[in-house]
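No lab work stands behind these numbers, since they all come straight from the coordinates. These numbers were taken from a predicted model, which means no experiment stands behind them. As a convention, Cβ positions derive from the backbone with ideal geometry for all residues, glycine included, and neighbour counts pool all protein chains shown.
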Amino acid sequence: MAAPTTTVLEVRSLLKRFRGPSGASTTVVDVPAFSLAAGEQVAIRGASGSGKTTFLNLIAGISTPDAGVVEIAGHDLTALRPSQRDRVRARHVGYVFQTFNLLQGYTALENVLAGMMFGRGTDEPFARDLLCRVGLADRLHHQPKALSVGQQQRVAVARALAGRPDLVLADEPTGNLDARRASEAMAMIRTLCRAQDAALLVVSHSPAILRRFDTVLDFAQLNRAAREVAA
């Protein structure tokens, strides 16, 4: 008998509005339901400005919804204080940003160790191993300014996976790379997530990247606000 599937992410009735300069309120995210199981890998495509990044930020607890529930590894982020949300995110979520967000005055190794500090604790041997696995064995002590864009992206991936998260979010993670390096980087992200049985949710505009996934969702299918804009 197969082992029961563990739900890592569950979203219910998620709603986020923004108020414009005129005072009018615009609904950006209106997602009735969404979930991911441990080890599941899903890609989302959608028009620019449709709310995909906001959706990821709501899942990560970086932004707070106006209504709804986001549960990660059994923790309801919407019921927690900001400091509690930060702890849950640090322990259970890895985030690969399009702009990498590396600490410029720190080495590659120090960037990865910094990403571990607020989660399960620093583990230098594991941090070194991750950087070696992403092809940076000879760049451990280089600062971002001494790394190529592709190498910086690999540091960002290693940092996101260093805390052994249950869920990895990736927002256009290959947007700054050429086609070959983008393909290599996406393969690397997926391989590392499989090795840790982490769920993976990727937002991408790239057809080449989207073709790598068995499950690709149109954001307008998830987000009623995006459907209304498209209509």
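Summary of computed values
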quantity	calculated
Karplus (6.51, -1.76, 1.60) ³J(HN,Hα), θ = phi - 60°, over the range 138-150, in Hz, Gly and Pro reported as x	9, 10, 4, 10, 8, 7, x, 5, 9, 10, 6, 4, x
Prolate/oblate/rounded label for the range 166-231 (Cα gyration tensor, a/c 1.5)	oblate
Semi-axes of the equivalent ellipsoid for the range 59-212, Cα gyration tensor, largest first, Å	25, 19, 13
Shape of the range 49-89, Cα gyration tensor, a/c cut at 1.5	prolate
The range 77-122, Rg to Rh (Cα coordinates; Rh as Kirkwood inverse mean 1/r)	1.03
Among 199-206, 101-108, the order from most to least packed when residues are scored by Cβ within 10 Å on average	199-206, 101-108
Estimated dipole of the range 50-105 in Debye, rounded to 20 [Cβ of Lys and Arg +1, of Asp and Glu -1, Cα centre]	160 debye
Extended-chain gain in nm, criterion 0.36 nm per residue less alpha-carbon gap, D129 and D66	18.6 nm
Full-stretch length increase - T7, D214 - with 0.36 nm per residue and alpha-carbon distance subtracted	72.6 nm
Estimated inter-spin distance, T122 and D197, nm [label 7 Å along Cα→Cβ]	2.9 nm
Euclidean distance of C-alpha centroids, the range 30-81 and the range 129-208, integer Å	21 Å
Calculated FRET efficiency for the pair D178/D86, C-beta based, R₀ 30 Å, to 0.05	0.30
Farthest toward positive dipole pole in the chain [+1 Lys/Arg, -1 Asp/Glu at C-beta], among A170, V8, L200	A170
Cβ-placed point charges (K, R +1; D, E -1), dipole of the range 45-163 about Cα centre in debye, nearest 20	160 debye
Order of R211, R120 under a 10 Å beta carbon neighbour criterion, fewest first	R211, R120
